[in-house]
Amino acid sequence: MGKTIIKDDRLVEDSWLLDLAAEGADTAGESATKNRVVSLEQWQQNRERLLASSGPRGVAISNDDDVLELADDVAHLDLICVEFPAAGDGRGYSQAKLLRDRLGFKNEIRAIGEVLTDQLFLMRRSGINAFDLQADQDPEASLARLRPFSVSYQ
Amino acid sequence: MYQYSPEDQCLVNERVAQFRDQTERFLAGTLSEDEFRPLRLMNGLYIQRHAPMLRVAVPYGLLSSEQMRMLAHISRKYDRRYGHLTTRQNMQFNWLALKDVPDVLADLATVEMHSIQTSGNCIRNTSSDQLAGVAKDELEDPRPYCEMIRQWSTLHPEFSFLPRKFKIAVSGSENDRAATQVHDIGIQLVEHAETKQVGFKILVGGGLGRTPVIGKVIKDYLPKKYLLSYLEAILRIYNLAGRRDNKYKARIKILVNSLGIEEFTRLVEEEWLHLREGSLMIEDASINEMQKYFQPFDYAKYRDESSASSLAEKLEASPAFAIWYRQNTQEHKIPGYRVVTISVKAPEEAPGDMTDAQMDGVAQLADDYSFSRMRVTHEQNLVLADVPEHKLHALWKGLLSFDLATPNVGTLTDMICCPGLDFCSLANASSIPIARQINDQFDDLDYLYDIGEIKVKMSGCMNACGHHHVGHIGILGVDKKGEEWYQITIGGSAEEDAALGKIIGPSVAKENVAETIATLLTTYVDLREEQETFLQSVRRLGVAPFKEAVYG
């Protein structure tokens, strides 16, 4: 049983495996049934091979990464994970916004890291549509607080 | 003034509900202290020395009498019957109970008020010129643009977790009463040299705090329609590139200084290219719509044939009224009207503190004599901006009855003063007792009038909430081995001639602050040339003669 995430306003079972360890690390077992997410560095180093492989492709960016480096890649990606190393670190909001508005990325953008119930509405409005909640957060309660506002200025 | 649309009201109501939910979860223990902290901060709620402190937003300082009555009500019902005016033109309450805060916010929402983004690492209340709309030297009323910025920045999803707090000020006049040069972004309305079209000059990277910096020009002239897209570009670059490893190096001024203004400008301009023609474009029609909320009052209504003569008679008859008139009122762009500054600096009170009775009193006086509107100034006073001349005497009598007619506006005792050690958990030293010491030492108004215009600004720690760097005389409280000491600077200014004050020498002991100021003033009186203000003398003479006088 995989873990539950919020995606497109629903609780779903995660079908991805976050594999940010160095290339070749042992991820036996699960990796056979899950789609793998690699770091931006791994993606850039192994781009040709990963593009040649079949199946969904996911990249996780750290908040120091320049998302515009993915300009030529977004058409080939199914998932981009945006990392929030701390809830107060707001770079991920701008990264998500740039992925949507500047690069036109249409597939899943997922928040990972310190992802807290009360920030989901801001993340959602920045273009993030999936949330891998911090372990101690209640998924049901979080889902219920996804849209505290029915109006917005932006 | 701006009136909420149903959508504006809905947002504020939903914010109350959201915060009620968050507070209840915190009190029930399902939301941790660490998780609750940023949430309450983003709603202006600090945990201070004694109790939570709630800062209520007063957008660009403008209040209706109805709103002022609500602030009085809140101070009565939930606090200790007073509130404190801040340098961001807001009002804060010092003695609330956390469990009451959602109810306070619900009460505020009934009069189109809130405390959204009055704290936290987000875009704070946009401040402006307290004379907006009535100043003769104004190019255009800045408030419509302040309101646009307020709306754009409210719950901005991308900019709610910036590296650090972010302050914007807008001035419509060349004479800068909004301290735009010491803001993260300073906006000045300017006329294009050739086309004569009004647009904006944009400054970036100014600020006080531990590293005071005067803002640098990033855009000489920006057409109005691009205001929000340009701000968005600056904020995005800052959000992505600003430092997050050290909160004392996280303000935009540090980023601008480390990249250099040329490189920072290049990054912003490049980002802006992608944004400028997008959805943030401001149409002329939207500007016109917003300007309708800030139209001049029907001034003809109160014009009285006998006004000039009746005012002259009253001035003649009452010297006390005449002194107040000279000191606390100023020219209005419409003949027959005056702008009145209400001094919230009575000698025996903490600067900027108002009781509930004073708040109610001012609300009534605003109803009677100034179109039911008032403004909070960044110098912690109030302004009734539109008083017919023939009503001034009655207004003065009313203010006297509430102890709000101290004729000291612009003088030494009209100080900016942070709450200091008495309330603030960040402070190193007290400020309110120093204000009292200064008031005790300088209780002779004639002496203050002889000294003339002087701006004293005092902070109880280097975070500089009291703007000490830009005081003509600045006072900074420092902690030396558990004792309170005070560092004195002179020659600072927050206006169009903005400058950072220079330290005169080693800090002085708590009991010697007023005496040191007395020495500075004596030196000034001895050395001044005719008509020269204290600031002008300091600029001409430099620090040396003042230092010599204080330290020998």
Across the range B:122-136, which residue is farthest from the other protein chains (Cβ to nearest Cβ) among those that are within 20 Å of A:S152 (Cβ to Cβ) and modelled with pLDDT of 95 or more?
B:R124
How many residues of the range A:102-125 are surrounded by fewer than 23 Cβ atoms within 10 Å (Cβ to Cβ) and of a type in the set (G, A, S)? The answer is 2
Looking only at the range A:49-71, count how many residues are in a loop (DSSP other than H, G, I, E, B) and closer than 21 Å to A:N35 by Cβ.
7
For the range A:93-124, name all the residues that are over 20 Å from A:D64 (Cβ atoms) and in contact with a His (Cβ under 9 Å, 6 or more places away or on another chain).
A:D101, A:L122
Among the residues of the range B:225-251, which ones are more than 30 Å from B:D284 (Cβ to Cβ) and not polar (S, T, N, Q)?
B:L240, B:A241, B:G242, B:R243, B:R244, B:D245, B:K247, B:Y248, B:K249, B:A250, B:R251
Do we find a residue being of a type outside the set (A, V, I, L, M), in contact with a Phe, Trp or Tyr (Cβ under 9 Å, 6 or more places away or on another chain) and at pLDDT 95 or above anywhere in the range A:36-51?
no
When the range A:126-148 is checked residue by residue, the ones that are of a type in the set (D, E) and either more than 11 Å from the chain's Cα centre (by Cα) or open to solvent by 60 Å² or more (accessible area, probe 1.4 Å) (or both) are A:D136, A:D138, A:E140
Just give me the residues in the range A:91-118 being under 12 Å from A:Q134 (Cα atoms) and small (G, A, S), in sequence order.
A:A111, A:G113
From B:E14, B:E35, which residue is at pLDDT below 95, within 14 Å of chain A (Cβ to nearest Cβ) and not in a loop (DSSP other than H, G, I, E, B)?
B:E35
Any residue at all in the range B:97-119 that is assigned by TED's automatic domain parsing to the domain that holds B:I185, outside any loop (DSSP other than H, G, I, E, B), in contact (Cβ under 8 Å) with a residue 12 or more places away in the chain and basic (K, R)?
no
So, in the range B:506-552, how many residues would count as being modelled with pLDDT under 95 and surrounded by 14 or more Cβ atoms within 10 Å (Cβ to Cβ)?
0
Do you know which residues across the range A:84-101 are more than 16 Å from B:P163 (Cα to Cα) and not basic (K, R)?
A:A96, A:L98, A:L99, A:D101
For the range B:512-533, check the following and say yes or no: at least one residue is touching a Gly at 6+ places or on another chain (Cβ under 7 Å) and at negative phi.
yes
Residue pairs meeting the criteria (Cβ under 7 Å; at least 6 apart or on separate chains; first open to solvent by less than 40 Å² (accessible area, probe 1.4 Å), in the range B:257-270; second basic (K, R))
B:I261/B:K216
Of the numbered conditions (1) of a type in the set (S, T, Y); (2) more than 24 Å from B:L63 (Cβ to Cβ); (3) open to solvent by 40 Å² or more (accessible area, probe 1.4 Å), B:T23 satisfies every one except a single condition; which is it?
(3)
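Per-residue answers, yes or no, for (1) open to solvent by 10 Å² or more (accessible area, probe 1.4 Å); (2) without any contact (Cβ under 8 Å) to a residue 40 or more places away in the chain:
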{"site": "B:K391", "(1), (2)": "yes, no"}
{"site": "B:K397", "(1), (2)": "yes, yes"}
{"site": "B:T411", "(1), (2)": "no, no"}
{"site": "B:C417", "(1), (2)": "no, no"}
{"site": "B:G420", "(1), (2)": "no, no"}
{"site": "B:L426", "(1), (2)": "yes, yes"}
Looking at the range B:230-262, which of its residues are more than 27 Å from the chain's Cα centre (by Cα), more than 21 Å from A:Q95 (Cβ to Cβ) and assigned to a helix (DSSP H, G or I)?
B:S258, B:E262
Looking only at the range B:388-427, count every residue that is among the polar types (S, T, N, Q) and touching a helix residue (DSSP H, G or I) at 6+ places or on another chain (Cβ under 7 Å) and tell me the total.
3
Quick check on B:S310: is it of a type in the set (G, A, S), open to solvent by 80 Å² or more (accessible area, probe 1.4 Å) and either over 24 Å from B:I185 (Cα atoms) or not in a helix (DSSP H, G or I) (or both)?
no
Quick one: in the range B:333-351, which of the residues that are assigned to a strand (DSSP E or B) and not charged (D, E, K, R) is modelled with the lowest pLDDT?
B:Y337
Exactly one condition in (1) away from every other protein chain (no Cβ under 14 Å); (2) open to solvent by 10 Å² or more (accessible area, probe 1.4 Å) is false for B:Q89; which is it?
(2)
Going by the structure shown, is B:R251 within 13 Å of chain A (Cβ to nearest Cβ), in contact (Cβ under 8 Å) with a residue 40 or more places away in the chain and surrounded by 16 or more Cβ atoms within 10 Å (Cβ to Cβ)?
no
Considering only the range B:153-189, state which residues are of a type in the set (A, V, I, L, M, F, W, C), out of contact with any Asp or Glu (no Cβ under 8 Å at 6 or more places or on another chain) and open to solvent by 10 Å² or more (accessible area, probe 1.4 Å).
B:L155, B:V182
Being in a helix (DSSP H, G or I) and of a type in the set (G, A, S) is the filter; apply it to the range A:102-154 and report the residue that is farthest from the other protein chains (Cβ to nearest Cβ).
A:S142
Quick check on my filter: what residues within the range B:352-379 are in contact with an Asp or Glu (Cβ under 8 Å, 6 or more places away or on another chain) and assigned to a loop (DSSP other than H, G, I, E, B)?
B:S370, B:F371, B:S372, B:E379
Take B:E112 and decide whether it is open to solvent by 10 Å² or more (accessible area, probe 1.4 Å) and modelled with pLDDT of 95 or more.
yes
Where residues in the range B:137-173 are farther than 30 Å from A:F121 by Cβ and touching a strand residue (DSSP E or B) at 6+ places or on another chain (Cβ under 6 Å), which of them is nearest to the other protein chains (Cβ to nearest Cβ)?
B:P142
Looking only at residues that are surrounded by fewer than 14 Cβ atoms within 10 Å (Cβ to Cβ) and either touching a Pro at 6+ places or on another chain (Cβ under 6 Å) or under 23 Å from B:R243 (Cα atoms) (or both) in the range A:45-101, which one is farthest from the other protein chains (Cβ to nearest Cβ)?
A:E69
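The values are calculated or read from the model by the stated rules, or taken from the named source; none is laboratory data. Computed from a predicted structure; not experimentally measured. So basically every Cβ, Gly included, is an ideal-geometry build from the backbone, and we count neighbours across all protein chains shown. Calculation scope for accessible area: heavy atoms of the full protein, side chains included, ligands and nucleic acids excluded. Shrake-Rupley method; radii C 1.70, N 1.55, O 1.52, S 1.80 Å.
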